[in-house]
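Below: one structure, written as structure tokens.
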Amino acid sequence: LDCSAEPSVHAGYGASPAYLINTNLMGTVNCLEHARRHGGAFAFISTSRVYPIAPLRALPLAPAGGRLVLPAGAAGPGWSGAGISEDFPLAGPRSLYGATKLASEMLVEEYRATYGLRTLTYRCGVLAGPWQMGKVDQGFMVLWAARHLYGGGLGYMGFGGHGHQVRDVLHVEDLYDLLALQLADLDRWNGSLFNVGGGVANSISLRELTALCEKATGRAVAMGSTPETRDADIPYYVTDNARVTAATGWSPRRDVPGLVEEICRWLAENRARLEPILA
Ligand SMILES: NC(=O)c1ccc[n+]([C@@H]2O[C@H](COP(=O)([O-])OP(=O)(O)OC[C@H]3O[C@@H](n4cnc5c(N)ncnc54)[C@H](O)[C@@H]3O)[C@@H](O)[C@H]2O)c1
């Protein structure tokens, strides 16, 4: 299970990409080589960020009720009100992070074809859950909850600084359920590649997340605002799970309000250990 990475989409900007490429791409090559030499199957945790930035920014989004929304009934190549599907065109820059993950995906496929390695690939939207060490660049669900509970500042960054940007969030245990289901019949699922995420029902804007965290912790945080958008940021990503659900029957079972409560409980119960890291 290759889930080691430098997982920040902002990594490498304004600096050498060597660390990122060595960690993400060469890391996967090292794992693939281990599997080739010693046997075993290979599950690769890829990312929604393999999809290019410009077409995601070009989606016809407008603010409504504290979040960006797509017009009802609107659709285009690989996108619709149900989210982004595996058919979303891949041409164009996608961030150094996304490029390392896409290159890794391609090598996973080549090892399958060349060496008969059995493989599973998941293009995940945002993953979250207790024990994720949230940082500003990665793991915003835990970061948001921790700053509400322990104190410390937060800010809405990019796209005007309103906190209207939207992501779908998948509980890591839901991802585990899918992995377990596929590992139980690996010959059947060998070579599969799916978009996997929380989907529309589990999508949330930062502004909406703030409201959920205030409710769960009973505390409010001073919220900053930075209108400028960072190079690799996108305003909207929601996974269209149609393909994985049709093929396997899997769909997310855990919702975002429950996830926020679970994270807040974990933060409260482990405060002495976690506050020095997350506050
Ligand atoms: N968190 C998300 O929203 C999200 C979304 C899509 C995909 N992913 C993918 O999920 C995986 C896990 O990411 P995460 O969000 O849990 O981040 P994370 O930083 O919590 O986990 C990454 C782990 O990789 C380890 N690691 C880094 N370099 C390594 C190396 N050279 N050798 C061995 N281990 C190394 C780190 O110690 C860390 O434990 C990554 O592959 C990431 O690309 C994450």
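The values are calculated or read from the model by the stated rules, or taken from the named source; none is laboratory data. Remember, it's a predicted structure, so these values are computed and weren't measured experimentally. Glycine also receives a Cβ, built like all others from the backbone with ideal geometry; neighbour counts cover every protein chain displayed. All accessible areas refer to the heavy atoms of the entire protein, side chains included, with ligands and DNA or RNA removed. Shrake-Rupley method; radii C 1.70, N 1.55, O 1.52, S 1.80 Å.
Below are the figures for this structure:
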{"item": "Residues located in segment 81-98, provided they are part of a loop (DSSP other than H, G, I, E, B) and either closer than 15 Å to P235 by Cα or away from the ligand (no atom under 16 Å from the Cβ) (or both)", "result": "G81, A82, S85, D87, P89, L90, A91, G92, P93, R94, S95"}
{"item": "Count of residues meeting criterion [under 26 Å from P252 (Cβ atoms), in contact (Cβ under 8 Å) with a residue 40 or more places away in the chain, more than 12 Å from the ligand (Cβ to nearest atom) and not small (G, A, S)] in segment 136-150", "result": "4"}
{"item": "Of all residues making up segment 102-135, the number that are more than 13 Å from the ligand (Cβ to nearest atom) and in a loop (DSSP other than H, G, I, E, B)", "result": "3"}
{"item": "For L20: the one exception among (1) within 16 Å of the ligand (Cβ to nearest atom); (2) surrounded by fewer than 18 Cβ atoms within 10 Å (Cβ to Cβ)", "result": "(2)"}
{"item": "Extreme residue, surrounded by the most Cβ atoms within 10 Å (Cβ to Cβ), among residues of segment 1-15 that are hydroxyl-bearing (S, T, Y) and either at pLDDT 95 or above or within 11 Å of the ligand (Cβ to nearest atom) (or both)", "result": "S8"}
{"item": "Residues satisfying the stated conditions in segment 166-186, i.e. in contact with a helix residue (DSSP H, G or I) (Cβ under 6 Å, 6 or more places away or on another chain) and within 19 Å of P257 (Cβ to Cβ)", "result": "D168, V169, H171"}
{"item": "Residue in segment 164-173 that is open to solvent by less than 30 Å² (accessible area, probe 1.4 Å), in contact (Cβ under 8 Å) with a residue 24 or more places away in the chain and away from the ligand (no atom under 16 Å from the Cβ) present", "result": "no"}
{"item": "Residue check, R94 more than 30 Å from C264 (Cα to Cα), touching a Pro at 6+ places or on another chain (Cβ under 9 Å) and charged (D, E, K, R)", "result": "yes"}
{"item": "Complete set of residues in segment 36-80 that are assigned to a loop (DSSP other than H, G, I, E, B) and open to solvent by 50 Å² or more (accessible area, probe 1.4 Å)", "result": "G40, A58, P60, G65, P71, A72, G73, P77"}
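Yes or no, residue by residue, for (1) aliphatic (A, V, I, L, M); (2) crowded, with 22+ Cβ neighbours inside 10 Å; (3) in a helix (DSSP H, G or I):
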| site | (1), (2), (3) |
| --- | --- |
| L179 | yes, no, yes |
| D187 | no, no, yes |
| G198 | no, yes, no |
| A201 | yes, no, yes |
| R219 | no, no, no |
| D233 | no, no, no |
| P252 | no, yes, no |
